[in-house]
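Take this structure, written in structure tokens, and hold onto it; I'll ask about it next.
Just so it is clear, none of the values below were taken in a lab; they were calculated from the coordinates. What you see is a predicted model; the values in this text were computed from it and never measured. FYI the Cβ positions are ideal-geometry reconstructions off the backbone, even for glycines, and counts take in every protein chain you see.
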Amino acid sequence: MTADARALLEELRVRAAARSASASHALDELVHDREGSNDDDEHDPEGVTLSSEWSRLSALAEDAAAQLQQVDDALARLEAGGYGVCTSCGRPIPLARLEVRPFAEHCVACAERLGR
Ligand SMILES: [Zn+2]
């Protein structure tokens, strides 16, 4: 299980890092586009499109960064021998949950109580 978890987490890490990199790359390009266009978003249909694209990409970048962080935390717990144990109540996290969320740090009950 531990070896599987590590492989799974490392794969997730690679994917999250790639998503994060491509989202920040797209944001960089958007900054470029924006610099070349009229700043008057409200009256410029192109500006509105850029704004919504900006929000979408920012959300993607944040999501990828958050997942990267979760995966790194899980890898650190794996390293420290605390992987698969709820960081809140100390009970084991059910395998079924870890299969869905290999980076889960809380058991189902605690996750519900904490709202995540
Ligand atoms: Zn718990």
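Given charges of +1 on the Cβ of Lys and Arg and -1 on the Cβ of Asp and Glu, with all other atoms neutral, how large is the dipole of the chain about its Cα centre, in debye to the nearest 20?
For the chain, the charge dipole is close to 1240 debye.
Can you give the charge dipole size of the stretch 63-105 about its Cα centre, rounded to the nearest 20 debye, using +1 on the beta carbon of Lys and Arg and -1 on the beta carbon of Asp and Glu?
For this selection, approximately 220 debye.
I want to check the label-to-label distance for Arg101 and Val14. Put each point 7 Å from Cα in the C-beta direction and report it in nm to one decimal.
The two pseudo-label positions are separated by 2.5 nm.
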